[in-house]
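Chemist: Before I ask anything, here is the structure I am working with.
What follows draws every value from the coordinates through simple rules; no lab data is involved. Keep in mind the model is a prediction, meaning the values are calculated, not measured. Positions of Cβ are backbone-derived with ideal geometry, glycine not excepted, and every protein chain shown enters the neighbour counts.
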């Protein structure tokens, strides 16, 4: 997406929230999606609009960074120990356990705030050294220690659940399924095709998945805003078994948004090819999504990917050092539309025999025998 100095790109998403596309360097083409699958979109909300994050607090905690998660982990336990320690100290102070040593205490060996804090920590962490313990002299103290036990179970469940969910996040598995660094255009079965490579870098291969591709174009409105136009590309054999690296193919045929695009049009065009692969992990059974994007600068015309799968005795050998390697091949330096208009009819005329009947020249199917041709036109 090209933007003039001082202009702001706004995505029209039909919501009250304004989405502005973040950019660091002016004058450079802005990507709709980075190659790592992240979107350079900055959300500008009204001050105090935190309701979406508070309504789904569990998802908010799962999506935060690990350092913030550790900070919340430490503060949740330390603050809870301090709160209940303060409660036990107040109970001891009101009951007279702090000043009178001979008084029957609510909690054994809790005569100050330090002892109350240690008792709170031992109770919530289920340590129980045996030196401090609850007595039957204060009903309020029994109620407080019961509430602390219930709160401890709830806090452990939430913290452990969030930590386990973050460690088993689908985003981590998605990083082990990669796309090639570029896409290529070459001839396949006499037609120009756009293709990119998909591979799984882990040993436990993915046996089922669906590939998709979408062409994203920014359309500038008269008001100065940018509306994103989405066009889905048809993919041949989109159901992929990823036991070995696969090549995803989109045929440049009539109906394709890239049908009229030639190699000379790529540098000046402004679009982005967003590709994705949705699959189920065989280890966890979770649904994963890997994605990346290609700009016109990432599309190499007249090249193909080098072969990286070899058959050896007893197994297939995959050389991932060649995952992004390409080589030059012969390909027409024109768009698929022009190639079909110029090349295909000429090929058909040369390949099909002509017969003269009733003063007209007719082209017939070469698979039809000469006897049938004579019977047809005579």
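Chemist: Could you check the simple spin-label distance between residue 72 and residue 94, using points 7 Å along Cα→Cβ, in nm with one decimal?
Modeler: 3.3
Chemist: Each label point is 7 Å from the Cα along the Cα-to-Cβ direction; what then is the distance between the points at residue 38 and residue 338, in nm?
Modeler: With each label point 7 Å from Cα toward Cβ, the separation is 4.0 nm.
Chemist: Compute the distance in nm between two label points, each set 7 Å from the Cα along the Cα-to-Cβ direction, one at residue 230 and one at residue 86.
Modeler: Going by the 7 Å Cα→Cβ label model, 4.9 nm.
Chemist: R0 = 51 Å: FRET efficiency of residue 312 with residue 191, Cβ-based, nearest 0.05? Mind showing how you got there, number by number?
Modeler: Details: r = 33 Å, r/R0 = 0.64.
Efficiency, rounded to the nearest 0.05: 0.95.
Chemist: Could you calculate the contour length gain from residue 164 to residue 131, that is, 0.36 nm times the residue separation minus the distance between their Cα atoms, to one decimal place in nm?
Modeler: Working: separation 33, 0.36 × 33 = 11.88 nm, distance 3.47 nm.
Separation in residues times 0.36 nm, less the Cα-Cα distance, equals 8.4 nm.
Chemist: I need the semi-axes of the equivalent ellipsoid of region 66-167: take the C-alpha gyration tensor, multiply each eigenvalue by 5, square-root it, list largest first in whole angstrom.
Modeler: Working: eigenvalues 181, 31, 21 Å².
Over the Cα atoms of region 66-167, the semi-axes work out to 30, 12, 10 Å.
Chemist: Could you tell me the largest-minus-smallest coordinate of the C-alpha atoms of region 242-326 on each of the three principal axes, in descending order and whole angstroms?
Modeler: 47, 32, 23
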